[in-house]
Amino acid sequence: MRLALICSLISVVVSLNVFAQANVRYISDVMYVPLRAGMSNNTEVVKAALTSGTRLRLVREEQDASNDAWALVETTDGVQGWIRTQHLINEPTAAIKLERVNAQLAKASSSAKEALERQKAHDQLQVEHETLQQEYQALIENTESLRQTSAAAVDLEQENQRIHENNQLLQTRVDVLQAENEQLRDAERYNQWVYGAGLLICGVILSFLLQALGKRKRQSEWR
């Protein structure tokens, strides 16, 4: 049902279009024709000198008493009058057709020119895009190189810091060892002094003992 309705509407539209086209007439090539109030060359001229190619709407066609065919037409500004059908044609004049063709050619040429300019602009944008892409890639590579260099510099700084700390630790150990060595030397000197003093005291005591023993022996002999 819906499909039939759509087909009917399409048929009506096509018919109206064909009917409208059928009621369009043009003044034939290269002439100036007056539009009259009646079907006679003696009637009043309601619009003078319709030029070739003038678009008119056909209202109806009739014949006068002499069986000459006349057409009641209406101009685009709403003026109605009669004109001989021999001055009318069903399609635009050759001049109008040529003008339309030239306009279409000019439009096509302009469109082709615009398309060519757009293609050139597109190609230029493509080249700029590729250039920017290359610059972007180079920037990424430079950034990565700088990042690696910066990371290496940080690692080197950390290594230097670690070496410096180890050096300080070693220097501290050296200082401690030197202090311990001095203490050992002082202790050794003290021990040697004590040992020497002990030997001296022992010598003095031994000397006293020997002297005492000698006196006792002599006293025994005297007795």
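Which of (1) modelled with pLDDT of 80 or more; (2) assigned to a helix (DSSP H, G or I) does LEU170 not meet, given it meets every other one?
Failing condition for LEU170: (1).
In this structure, does THR76 turn out to be free of Cβ contacts under 8 Å to residues at least 40 places away in the same chain, surrounded by fewer than 10 Cβ atoms within 10 Å (Cβ to Cβ) and touching a strand residue (DSSP E or B) at 6+ places or on another chain (Cβ under 8 Å)?
In short, yes.
From the residues in the range 20-42 that are touching a helix residue (DSSP H, G or I) at 6+ places or on another chain (Cβ under 8 Å) and crowded, with 17+ Cβ neighbours inside 10 Å, which one is modelled with the highest pLDDT?
Out of the qualifying residues, it is VAL33.
Please find, within the range 80-118, the residue that is farthest from VAL24 (Cα to Cα) out of those that are assigned to a helix (DSSP H, G or I) and of a type in the set (Lys, Arg).
Filtering the range 80-118 for residues that are assigned to a helix (DSSP H, G or I) and of a type in the set (Lys, Arg), the one farthest from VAL24 (Cα to Cα) comes out as ARG118.
Being farther than 15 Å from MET39 by Cβ and surrounded by 11 or more Cβ atoms within 10 Å (Cβ to Cβ) is the requirement here; does THR54 meet it?
Yes; evaluated as a whole, the condition is true for this residue.
If we keep just the residues of the range 77-92 that are at pLDDT below 90 and polar (S, T, N, Q), which is farthest from PRO34 (Cα to Cα)?
ASN90
Mind checking which residues of the range 59-72 are out of contact with any helix residue (DSSP H, G or I) (no Cβ under 8 Å at 6 or more places or on another chain), more than 9 Å from TRP82 (Cα to Cα) and not in a loop (DSSP other than H, G, I, E, B)?
Across the range 59-72, the qualifying residues are VAL59, ARG60, GLU62, GLN63.
The values are calculated or read from the model by the stated rules, or taken from the named source; none is laboratory data. This is a predicted model, so every value here is computed, not measured. When we count neighbours, we look across all protein chains shown, and the Cβ atoms used for this are built from the backbone with ideal geometry, even at glycine.
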